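The structure appears below as structure tokens.
The values are calculated or read from the model by the stated rules, or taken from the named source; none is laboratory data. Since the model is a prediction, treat every value here as computed from it, not as a measurement. Note that we place each Cβ from the backbone using ideal geometry, even for glycine, and neighbour counts take in every protein chain shown. Ligands, DNA and RNA are stripped out before the accessible areas are found, and what is left, the full protein with its side chains, is counted by its heavy atoms. Shrake-Rupley method; radii C 1.70, N 1.55, O 1.52, S 1.80 Å.
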Protein chains: 4
Amino acid sequence: MMKKIKKIAVMTSGGDAPGMNAAIRSVVRACAYYRVSCVGIYRGYEGLIEGDFIELTARSVNNIINKGGTILKSARSQEFRTKEGRAKAYEHLKENDIEGMVVIGGDGSFTGAVIFNEEYKFPVIGIPGTIDNDIFGTTHTLGYDTALNTAVEAIDKIRDTASSHNRLFFVEVMGRDAGFIALNAGVGAGAEEILIPEEDLGLDRMLESLKKSRRTGKSSSIVVVAEGDKSGKNVYELAKYVEENLPEYDVRVSVLGHMQRGGSPSCFDRVLASRLGVKSVELLLDGKTNLMVGLKNNEVISTSIAEAIKGGHSINQELLRVSDIMTT
Amino acid sequence: MMKKIKKIAVMTSGGDAPGMNAAIRSVVRACAYYRVSCVGIYRGYEGLIEGDFIELTARSVNNIINKGGTILKSARSQEFRTKEGRAKAYEHLKENDIEGMVVIGGDGSFTGAVIFNEEYKFPVIGIPGTIDNDIFGTTHTLGYDTALNTAVEAIDKIRDTASSHNRLFFVEVMGRDAGFIALNAGVGAGAEEILIPEEDLGLDRMLESLKKSRRTGKSSSIVVVAEGDKSGKNVYELAKYVEENLPEYDVRVSVLGHMQRGGSPSCFDRVLASRLGVKSVELLLDGKTNLMVGLKNNEVISTSIAEAIKGGHSINQELLRVSDIMTT
Amino acid sequence: MMKKIKKIAVMTSGGDAPGMNAAIRSVVRACAYYRVSCVGIYRGYEGLIEGDFIELTARSVNNIINKGGTILKSARSQEFRTKEGRAKAYEHLKENDIEGMVVIGGDGSFTGAVIFNEEYKFPVIGIPGTIDNDIFGTTHTLGYDTALNTAVEAIDKIRDTASSHNRLFFVEVMGRDAGFIALNAGVGAGAEEILIPEEDLGLDRMLESLKKSRRTGKSSSIVVVAEGDKSGKNVYELAKYVEENLPEYDVRVSVLGHMQRGGSPSCFDRVLASRLGVKSVELLLDGKTNLMVGLKNNEVISTSIAEAIKGGHSINQELLRVSDIMTT
Amino acid sequence: MMKKIKKIAVMTSGGDAPGMNAAIRSVVRACAYYRVSCVGIYRGYEGLIEGDFIELTARSVNNIINKGGTILKSARSQEFRTKEGRAKAYEHLKENDIEGMVVIGGDGSFTGAVIFNEEYKFPVIGIPGTIDNDIFGTTHTLGYDTALNTAVEAIDKIRDTASSHNRLFFVEVMGRDAGFIALNAGVGAGAEEILIPEEDLGLDRMLESLKKSRRTGKSSSIVVVAEGDKSGKNVYELAKYVEENLPEYDVRVSVLGHMQRGGSPSCFDRVLASRLGVKSVELLLDGKTNLMVGLKNNEVISTSIAEAIKGGHSINQELLRVSDIMTT
């Protein structure tokens, strides 16, 4: 019979995302419920290597469900990529009698977890936390829904001034490799064009479309651009290109930037975090490892982390089509 | 071969919900894309019976995607329940060469649509628009996500004052027959107790739980109550009951009320509305009828309206359990 | 020469208000700047009597400027109204070498401060913190601006659903003795009628006005009512009265309630809190007492607390007139 | 005896600001109240020269009080700087029997108004509408309060991610010639440094301060920079400079940009707009001209436009000091 785990650690790793605190709270509360000790690791693998730990009880996570950021802080760790770094990490876990670990983060953080598990057979469960939604094995990552609302609210404000002045705005949203934020925030904000990494729309087609838009009487326009757009031009170059080719347009640029990572999480992200946190603890208690928890058809599921890392999360073609129809 | 439809009507019916305008916009834009005329019907079946119509073009729906309420207004119609009422309605549709209709609303509105279709073979597609999320055949109804955010933001504010004064608040949220808002907003707001129509927690268990909560050092608490809670007491009676039985608590009541129906829709609701609007037009153009469009596993699907009406949308047992664990 | 004060205490008392945390932070930071120790007193006079103190350093108030509520909690104290209670309070201050006190609160809290000062010659400075804005000697109390925004945003949402359904809403806002919130939020939300304690509009005039409003084609209306309205009817009775006398109206009631006390403070309240906090510490260091700091013509001023308590803060007649003109 | 004015025009000019719609609404409603016709001029002086007018009734301004931007659109006009342009403008006013004009805008727009009045003796009243608050003769310009809230909410979000990653953020806010937004939003957001055009802090002092901040254990910092900061470096150069000189800092830049111009106005801006709109109409009806309405000590006042243009609106020294104390 399997020995029950007695102490679990939780960390946040990689780029922070709204809902990470709600997930920490859920892991801690689930531990309390199952009478398991819980330890927080500061600054992801960095703090793991340094043994920067803190004991967490149900009370330590009071009133954090609605806070952006992460009380455990986050970091990217070079040292954890080395064998020596991981050895130190393992030592600290052993020293502290920690028998399982929940890693809240993205692809990079999960890769580290898999290697660590291979080397030390240390039980690890991943919770997908990133605003980019670019992780296979879940329809939604933590923070994605909140980031969409933040982006859409900002673009709504920009639209106010765009239409008052008959201007064309290029608005850059986050998403280096994935266009989820751009596509969804673009459709949600009623953008006239959306440029994403997954699709090279072609600059000519954009010019055509903007020309047509003006002809049909539209006096202001919003073009939403993902950071990692395929045009080979950044958002300022894009704006300049349009200005040169469509002098009738008064063009402006707005880069939404890091505010998209912060803010109080949406109800969706808080509930998702609560569900995933409980599931991750239950999986560890069931003797499972190397799994990522996620959402599918509104049900909590788990996927092998290895699969989650390999699998791509491709753009929804139907939504692309909807976006074309909406912007016609 | 089927004759292509040339004119489609759209209405909003029943209680209004954020995202209805985004859905109207999507229906209108999809009509424009497929070169079909589009007519708006004011005040649901009421306006249909009176022939209160307006032609809608892509430009008429500019800048409404982010507006709460419905530009077509909504109403409940007694007259449409009568054969005479429906006859008048049909006359107006025929007179105006309307060949298909998109009804954005809830259960009641769909029931009307089914009867009307039976009597006149008039093609009808339903879009589930209600904050209550109590419709079978879709994981999310339009407006539900926004209402959750509204409720959670309000409860966050109430928590500020509750914890400043060590008070116990009973917060009533909408949901006459369904506890979706209460359960999700309760988990999202970190409520200490959640009372929903689907489950009779029992007043004694609540008292026990509140007592325990106080013993463990919690000085303030939030109990989220659905309108239609099964305890047989309304929220004021509940508060009084607790005050009498737990005199150590300083109890307050807050009824969130109709503000939950309004407000700018969340990105989720805007995107959902855009997707469902396009799909509903495409179904009509494909010669389909009596279907409700919806979301399942993040894909747009369609269900027979009859089935949607009959089928219940039951509370997620796993989430109930998460809620128990979170409030322990 | 006056001996410089070495230790200052700060408390929040009475009803909580957004901006109280920002004021605490400012007092603490100003103490750090002037190299004076700072002690926080929990739960107002209640905690003072019990000696429930905490040392506060610049770091203890990191990241609270944007939090609603008060980290020091607040309460109303019966015991402080007794000589014995105040004696205990004084003992605790002496024991802890506290030589001056900043009280953040409303009228009631200031009255206590004045009596205490008379009895013990203990230096006290007041910061007006209440959402009601009913304090003489300042154009704005802490929390008032935030409460207005909260009320107006809620009424905006209610207007969405009111106009979708052609309904008449009675919205009750806070303000037991003062109509500041009702008048300003009413004008800000574009209400059709505003009922405040300072003015008995008369129910007949309201009926007349609502009738006229309907005649001129307005299909939905918002009536904003202060808690302490003079009509002698509460908001539910008002609604019933109108329903009986104007059956053409579909009437609903919404009581905004305690959410008006919470939420992240507006920029205005945060800046005001920062300014008043610094001033209150500087006054104590200057050997002043029995003063309330406040804002006048956008400058920080001070008034005798006694005067602040006696003086009324009357409704702006010009704004009343503007409100009449706007709702015509 | 003076002949009563029968028709008034209203325009918005220059950069748009939240509250402009509320001011338009107020002008229109005040005209209705005093039974004067009201005409809206599109796109400021540009539309005046082209005669691009629209009749406005109380109903045309329903439901705009809470909308950002301006329904009359705004523009900067080169042609109005020419005698010919102004002649055309005057012709259109005469043709349409317009006898007075309310100009909602900033310094530039008022200069145009004064010249026009000199040439044609045409009655003009100005309403200060700009987010920059850089106009003499009013403590608050329309839109300023809303822009502060927008900036502070965005910086709150950035702080979440800054503290999760121990980063230093340079956040640029609007204000080319005036540091009002930077100073107030900086204090409101609890920024560690604030750089404004009115004061050359000196880069060395900033470095010193950041070094000290790190020494005292602060792990993340926000520096708020006004567009027009005096350091001679733009925000990106500033960031690079700090990165080179303080390599221990992980530096990021965020330019808030045009979203600061949009969004639903705060209650303060809506009420201010309502008051100023009424006053401007009443001044025209009283035969006044060349005045700007404004707020002083929470009272509505009027100033000669000429004076308003000449007078500077200097930074509050006391607030500067508060900002120093808060960031120590």
- Query: In whole Å, how far is the Cα centre of the range A:134-201 from that of the range D:160-226?
  - Reply: 28
- Message: Just the number please: accessible area per residue for chain C, 1.4 Å probe, all protein chains included, in Å².
- Response: 35
- Note on the structure: The size of the Cβ-based charge dipole (Lys, Arg +1; Asp, Glu -1) of the protein assembly as shown about the Cα centre, to the nearest 20 debye, is 0
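Restricting to Cα pairs below 8 Å that are 6+ residues apart, what does the relative contact order work out to for chain D? Please round to a whole percent.
23
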- Query: For the cross-link pairs A:LYS67/B:LYS212; C:LYS6/C:LYS67; B:LYS7/B:LYS67; D:LYS67/D:LYS218; C:LYS212/D:LYS88, which exceed 30 Å when the distance is taken from alpha carbon to alpha carbon?
  - Reply: D:LYS67/D:LYS218; C:LYS212/D:LYS88
- Query: Accessible area lost on pairing B with A, both sides, 1.4 Å probe, Å² to nearest 100?
  - Reply: 4100
- Taking the Cα atoms only, what angle lies between the long axis of helix A:317-326 and the longest principal axis of chain A, rounded to 10 degrees? 30
- Taking H placed 1.01 Å from N in the peptide plane, check which residues at least 5 places from A:ILE222 or on another chain put their amide H under 5 Å from its amide H. A:PHE169, A:GLU192, A:GLU193
- Task: Report the FRET efficiency, 1/(1 + (r/R0)^6), for B:ASN234 and D:GLU55, where r is their Cβ-Cβ distance and R0 is 41 Å, rounded to 0.05.
- Result: 0.20
- Applying the Karplus parametrisation 6.51 cos²θ - 1.76 cosθ + 1.60 with θ = phi - 60° to the phi angles of the range C:291-297, what ³J(HN,Hα) value in whole Hz is obtained for each residue in order, glycine and proline being reported as x? 10, 10, 7, x, 10, 9, 6
- Task: Provide a whole-number value for the mean count of partner chain Cβ atoms within 10 Å of the Cβ atoms in peptide A:145-155.
- Result: 5
- Tell me, what ³J(HN,Hα) does each residue in the range C:197-209 have, in order and in whole Hz, if you take phi through Karplus 6.51 cos²θ - 1.76 cosθ + 1.60 with θ = phi - 60° and put x for Gly and Pro? x, 6, 9, 9, 5, x, 5, 5, 5, 5, 4, 4, 5
- Message: Could you tell me the relative contact order of the range D:145-261? Use alpha-carbon pairs under 8 Å, at least six residues apart, and round to a whole percent.
- Response: 39
- Where Lys and Arg each count +1 and Asp and Glu each count -1, what net charge lies around A:ILE309 among other residues with Cβ under 12 Å from its Cβ? -2
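I'd like to know how the protein assembly as shown sits against the 2.2 N^0.38 Å rule of thumb: what's its Cα Rg over that expected value? Write down the numbers at each step before the final one.
Working: Rg = 30.4 Å, N = 1312, 2.2 N^0.38 = 33.7 Å.
With N residues counted in the protein assembly as shown, Rg over 2.2 N^0.38 Å equals 0.90.
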- Query: By a straight-distance test (C-alpha under 16 Å), which aspartates and glutamates pair with D:LYS3 as possible cross-link partners, with residues fewer than eight away in the same chain excluded?
  - Reply: D:ASP97, D:GLU99, D:GLU282, D:ASP286
- Cβ-vector label at 7 Å, D:ARG81, separations to other copies in nm: 5.5, 6.9, 6.9
- Message: Measuring nothing but label to label, 7 Å from Cα along Cα→Cβ, what are C:ARG321's distances to the other copies in nm, shortest first?
- Response: 3.8, 6.3, 6.8
- Query: From the label point of D:GLU244, set 7 Å from Cα along Cα→Cβ, how far away are the matching label points in the other copies, in nm, ordered shortest to longest?
  - Reply: 2.9, 7.7, 8.0
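Counting only helical runs of four or more DSSP H residues, what would the 222 nm mean residue ellipticity of the protein assembly as shown come to if each run contributes -39,500 (n - 2.57) and the total is spread over all its residues? Could the numbers behind the result be given before it?
Working: 44 runs with 552 residues, N = 1312.
One gets -13000 deg cm²/dmol as the mean residue ellipticity at 222 nm.
If we count every other residue with Cβ under 10 angstrom of A:SER213's Cβ, Lys/Arg +1 and Asp/Glu -1, where does the sum land? The partial results should precede the final answer.
Numbers: positive: A:LYS211, A:LYS212, A:ARG214, A:ARG215, A:LYS218; negative: A:GLU192, A:GLU193, A:GLU208.
Once positives and negatives cancel, what remains is +2.
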- Quick one: which residues, 5+ away or cross-chain, put their amide H under 5 Å from the amide H of D:MET101? H built at 1.01 Å from N. D:ALA9, D:VAL124, D:ILE125
- Per chain C: cysteines with no other Cys C-beta under 4.7 angstrom? C:CYS267
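Which of rounded, prolate or oblate describes the range B:145-261 when judged by the alpha-carbon gyration tensor and an a/c cut-off of 1.5? Provide the component values of the computation, followed by the final result.
On the way: a/c = 1.77, a/b = 1.25, b/c = 1.41.
Here the range B:145-261 falls in the oblate category.
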- Task: Relative to the longest principal axis of the C-alpha atoms of chain D, give the angle of the C-alpha long axis of helix D:20-33, reported between 0 and 90° and rounded to the nearest 10°.
- Result: 30
- Message: Cβ neighbours within 10 Å, averaged per peptide: list A:54-65, B:292-303, D:164-175 in order, most packed at the top.
- Response: D:164-175, B:292-303, A:54-65
- Message: Run the reach check for A:LYS4 against lysines, Cα to Cα strictly under 17 Å, same-chain hits fewer than 8 apart removed. What comes back?
- Response: A:LYS94, A:LYS121, A:LYS279, A:LYS288
- Nearest 10 degrees, 0 to 90: helix C:83-95 Cα axis against chain C principal axis: 50
- Message: Quick one: 3J(HN,Hα) in Hz for the range B:139-145, Karplus 6.51/-1.76/1.60 with θ = phi - 60°, rounded, Gly and Pro as x.
- Response: 6, 9, 8, 4, x, 5, 4
- Residues of A:204-211, mean number of Cβ from any other protein chain within 10 Å of their own Cβ, rounded to a whole number? 0
- Query: Which peptide among B:73-80, D:255-262 comes first, and what is the full order, when sorted by highest mean count of other Cβ atoms within 10 Å?
  - Reply: D:255-262, B:73-80
- Could you work out, residue by residue across B:317-325, how many beta carbons of other chains sit within 10 Å of that residue's beta carbon, and then give the average as an integer? 5
- Packing-based order for A:12-22, B:188-198, A:27-37, A:136-146, using average beta carbon neighbours within 10 Å, highest first: A:12-22, A:136-146, B:188-198, A:27-37
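By the scheme Lys and Arg +1, Asp and Glu -1, what is the net charge of all other residues having a beta-carbon under 10 Å from that of A:GLU79? Could you put the intermediate results ahead of the total?
Details: positive: A:ARG81, A:ARG86, A:LYS88; negative: A:GLU46, A:GLU50, A:GLU84.
Charge balance near A:GLU79 sits at 0.
With a 1.4 Å probe and all protein chains left in place, how much of the accessible area of the protein assembly as shown comes from carbon and sulfur atoms, in whole percent? Spell out each step's value before the answer.
Details: 21850 of 46210 Å².
Looking at the protein assembly as shown in its full context, I get 47 percent from C and S.
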- Query: So how strong a dipole does the range B:145-261 carry about its Cα centre when Lys and Arg Cβ are +1 and Asp and Glu Cβ are -1, to the nearest 20 debye?
  - Reply: 340
- So, with +1 on the Cβ of K and R and -1 on the Cβ of D and E, and no other charges, what is the size of the charge dipole of the range C:224-328 about its Cα centre, to the nearest 20 debye? 460
- Residue and distance (whole Å) for the chain B Cβ nearest the axis that superposes B on C: B:VAL255, 3
- Note on the structure: With the charge dipole of chain A built from beta-carbon charges (+1 for Lys and Arg, -1 for Asp and Glu) about the Cα centre, the Cα from A:LEU210, A:GLY277, A:ASN62 projecting farthest to the positive end belongs to A:ASN62
- Message: Compute the distance from the alpha-carbon center of the range C:21-86 to that of the range D:73-92, in whole Å.
- Response: 59
- Out of A:ILE315, A:LEU295, A:GLY263 - ranked by how far each Cα lies towards the positive end of the dipole of the range A:229-328, with unit charges on the beta-carbon of charged residues - the top one is A:LEU295
